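Here is the structure we will look at, set down as C-alpha cells.
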Protein chains: 2
Amino acid sequence: MSSPPGSRALGVVGVGLIGGSVGMAARRAGWTVLGVDGDAVLDQAVERGAVDRRSTLDEVRGADCVILAPPVSAIPGLLRDLAPTDALVSDTGSAKAAVVRAAAEAGIRRFVGGHPMAGSHATGVAHAAPDLFRGARWFLTPTGDTLPGAYAQLTALVRDDLGAVPTAVDPERHDLLMAALSHLPHLLAVALLRVTAGISPDALSFAGPSFRDLTRVGAANPGLWADILAENAGAVHRVTEAFAEALRRVEGDIGDRPATERHFEEAGAAYRALGGILIESSGHNVDIAIPIENRPRVLARVTTLMGSHDINILDLYMEHADTRHAALVLTLDGGAVERALGLLEHAGFPAEVVGPG
Amino acid sequence: MSSPPGSRALGVVGVGLIGGSVGMAARRAGWTVLGVDGDAVLDQAVERGAVDRRSTLDEVRGADCVILAPPVSAIPGLLRDLAPTDALVSDTGSAKAAVVRAAAEAGIRRFVGGHPMAGSHATGVAHAAPDLFRGARWFLTPTGDTLPGAYAQLTALVRDDLGAVPTAVDPERHDLLMAALSHLPHLLAVALLRVTAGISPDALSFAGPSFRDLTRVGAANPGLWADILAENAGAVHRVTEAFAEALRRVEGDIGDRPATERHFEEAGAAYRALGGILIESSGHNVDIAIPIENRPRVLARVTTLMGSHDINILDLYMEHADTRHAALVLTLDGGAVERALGLLEHAGFPAEVVGPG
C-alpha cells in the first residue's frame, strides 16, 4: 500500500469479540478503524477503543480494507450489500466455501476468505482484546481466481498487524477440516447424550469424567451452533457420512481381535499426531502423569513447583481412577520434561511420561 | 456368616491391580486370602501382602467366597472350571450378561456378578492398594434367580470390607450402560480420528484442545480394548445402532434452526445431569471458569488459593481460546462455590459459573 500507515482506513463490519479485537490490534498498528454495527454496540466499541468512529457500509466501501465479522449467516448478504468495491475484503466466518462463492457472485474482485482460530468463553466487544490473535492460527482461503496482490496484503495484515499465523487452505478443504475437527464432534456429543439418556432415567448419573470430557461440547450455545452448522451443512453432511461408515466398520470388526487391535493402533498413532497446544512452540509437547490423591493442596503443590521453576504448564487434566485416586496429567514442552520429572520426584510426586497405550 | 472373622477364606483368582486390591482390603478386614494366578505374579502378590498364600482353583472351590478378577474373556471358562462349589462367587468383569449366563450354566448356585468402577493408569499387583475401591461405585447384578443370602453377603463384603458403594443393576442394563458410557465412546474416538486423518495429511495438526479431549480414549490399550469390546459385543451393537440413528436425525435437522436448537438444549440439560465426580458428595458439583493467561504461576496461584482455604478441586481442565489465552475451569462442590468466587475475585481472578450455553 502506497499511502502512509496513518492514513490507511479499515472498515470492521460486526464489532463483537472478534471484530472488536481486530479493530484494537489494527488501531495499534496505525490503521484508522471505522466500525459498522448497531448504535449501542458502536458506543461501547468507541469507548473501548475498538474503533475510531462509527461508520456505514456505504462509507467503508471506499476504505482500503474491510473485514466482515458478523454471525456467519449474515456474511453473504453483507457481501452483496457491500459491492461494488475496490477495497481488500475478507471475513472471519467459520465456513468458507459458501462465502467465497458469494463474494465471487457479488463481483468483489479483491476478496480472500479468512477464519481466525481464536475465541473466548466471553462474547461481545466488552471482551475484545488487541492480543486475542497473537500466535493463533488464521486460515486464509485463496482460490485460483484470487489476485496475488490481495492475498499478499491480507497475509501482511493478519501476520504483522494482528499478530496471527496465516495458514492458506483451499475453501472446500477448510470446511471439511472444520466439519471433522469441530462441527461433527458437536453432533457426536449431542447424539451420545441422547442415546445415553434414553437407556434409563438414572443412566447419566453413572457417567465418569471421560464421558464428561467427550460430551462437554454438547452443552454449547444452541443458537450459535444452529447457525454454525447450517452454514457448513454440505461439508458436515459429507464428513458425517464418512464417520458413520467408519463407525460401522470398526463396530463390525468387534470379535476380530487383530482387526480391532489394528483400529486402536491406528487411532493411537493419529491421536499422538494431533496438533500441539502451542503452535508457536518450536519443540514438541509431552504429557506426564502424576498419581495424586484427590485432596486439597496437592494440585497447588504440583503447579507451584512447576511455576516456581518457570516450567509452563501448556495443558492439564485430571484422570480419575475412582473417587479418591486420580492422575494429574500435565502437557509440557518437550524440553522441560526431564527437569519437571526430577523436580516432581524430589518433591515426592513420582511422575511418568504417558506413552503409547 | 457364622464362623469368626479370622477364619473366613476368600479365594482371589487373577491377582492383578483389581484382584490384588481386593486381597489387600479383605486381609485388612480379617479374611484369609488365597491367591490363584501364575507363579511370578503370586510371588509378588505374597510379597506385597495382597494374598496370604498361593492356592489353586481346586482349593478355593471350598473357600467361603471366591472373586474372579482375570481379564474379562477368561471368566466364563473359570466359572466352568470352578463348579461345583457352594462358595459365594462373584467377578469383576466389565460385561455382565454373558458372565451371569455362564455362572447359571455352570450350576454355580451362589453367584452374583460384580463390576467395580475403579482402576488406575497402572496395572498389575505392583500397583494394588487396599483403598483402591474406597467410595467407588461397585455394580452388582442380581437377577430373579439370585439367592437373597448370597446377595446380602456380597453387598456386605463390597461395602464393609472393600469400602465401595454397592449399586444393584440388571445385568442387561449394566451392559447397555457400559456400552453407552464407555465402550461406544471408544469407538467414536477411533472412528473420528480415522475420518479426520483421511481428509488430508496435515489435518490432525490443526486439531485443538477440545478435539483432543474427545479423542483421548482412542489412544487406549489395543489388546485390552479388543477384549473388553468383544465381551460386550451384543450391547455395544445395540447402542451403536441407536447412536447411528440419533446422529442421522440430528444431522438431518441441520438447517431447521428450531429443531437444531432443541437438540442442543436437550443435550445441554443431559450434560448438566451427568454424574458428579465424587459420588460420596452430598451436594451437587458446579463448574467455574477463570480467564487466565497461559503462563507459569497463574495455575499455581489459583490452586494454592483454593487449597489454602480447604476448597477441594474435584476436577479441572483448561479451555484454550487461542495460544495465549485460556480459561481454567474448576469443578467444585456446590457448597464451596460462593466462597471460591469471593476468594478469586479478591485475588484478582474474577471467575464466573459456567452456565447453560
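The values are calculated or read from the model by the stated rules, or taken from the named source; none is laboratory data. Just so you know, these numbers come straight off a predicted model, no measurement behind them. Glycine also receives a Cβ, built like all others from the backbone with ideal geometry; neighbour counts cover every protein chain displayed.
With the requirement that a residue be in a helix (DSSP H, G or I), of a type in the set (D, E, K, R) and closer than 14 Å to residue A:18 by Cα, what does region A:33-82 give you? Walk me through how you get there before you give the answer.
Here is the first cut: in region A:33-82, the residues in a helix (DSSP H, G or I) are A:39-48, A:57-60, A:72-82.
Of the ones still in play, those that are also of a type in the set (D, E, K, R) are A:39, A:43, A:47-48, A:58-59, A:80-81.
Answer for region A:33-82, where residues must be in a helix (DSSP H, G or I), of a type in the set (D, E, K, R) and closer than 14 Å to residue A:18 by Cα: just A:48.
Need the failing condition index for residue B:179 against (1) under 15 Å from the mean Cα position of the chain (by Cα); (2) in the same structural domain as residue B:17 (by TED's automatic domain parsing), just the number.
For residue B:179, the exception is condition (2).
From B:69, B:106, B:83, B:102, which residue is at pLDDT 95 or above, under 22 Å from residue B:29 (Cβ atoms) and among the aliphatic types (A, V, I, L, M)? Walk me through it before giving the result.
Details: B:106 fails: under 22 Å from residue B:29 (Cβ atoms); B:83 fails: under 22 Å from residue B:29 (Cβ atoms); B:102 fails: under 22 Å from residue B:29 (Cβ atoms).
That would be B:69, the only listed residue that is at pLDDT 95 or above, under 22 Å from residue B:29 (Cβ atoms) and among the aliphatic types (A, V, I, L, M).
From B:56, B:32, grab the single residue that is touching a helix residue (DSSP H, G or I) at 6+ places or on another chain (Cβ under 8 Å), under 25 Å from residue B:109 (Cβ atoms) and not small (Gly, Ala, Ser).
B:32
Scan region B:219-262 residue by residue and report those that are outside any helix (DSSP H, G or I) and within 7 Å of chain A (Cβ to nearest Cβ). Break it down into steps so the answer makes sense when it comes.
Taking region B:219-262 as the starting set, the residues that turn out to be outside any helix (DSSP H, G or I) are B:220-221, B:232, B:253-256.
Correct list: B:220, B:221, B:254, B:255.
Suppose we filter region A:72-99 for residues that are among the basic types (Lys, Arg) and farther than 22 Å from residue A:183 by Cβ; how many remain?
Initial filter on region A:72-99 (among the basic types (Lys, Arg)): A:80, A:96.
After this cut, where a residue has to be farther than 22 Å from residue A:183 by Cβ as well, the list is A:80.
Of the residues in region A:72-99, 1 are among the basic types (Lys, Arg) and farther than 22 Å from residue A:183 by Cβ.
When you go through (1) surrounded by fewer than 19 Cβ atoms within 10 Å (Cβ to Cβ); (2) within 22 Å of residue A:112 (Cβ to Cβ) one by one for residue A:58, which number turns out not to apply?
Condition not satisfied by residue A:58: (2).
Somewhere in region A:119-126, is a residue in contact with a Cys (Cβ under 7 Å, 6 or more places away or on another chain), touching a residue at least 24 places away in the same chain (Cβ under 8 Å) and crowded, with 18+ Cβ neighbours inside 10 Å? Quick ask: steps written out before the conclusion?
Taking region A:119-126 as the starting set, the residues that turn out to be in contact with a Cys (Cβ under 7 Å, 6 or more places away or on another chain) are none.
Scanning region A:119-126, I find no residue that is in contact with a Cys (Cβ under 7 Å, 6 or more places away or on another chain), touching a residue at least 24 places away in the same chain (Cβ under 8 Å) and crowded, with 18+ Cβ neighbours inside 10 Å, so the answer is no.
Any chance you could count how many residues in region A:35-57 are more than 18 Å from residue A:75 (Cα to Cα) and without any contact (Cβ under 8 Å) to a residue 40 or more places away in the chain?
Within region A:35-57, residues that are more than 18 Å from residue A:75 (Cα to Cα) and without any contact (Cβ under 8 Å) to a residue 40 or more places away in the chain number 11.
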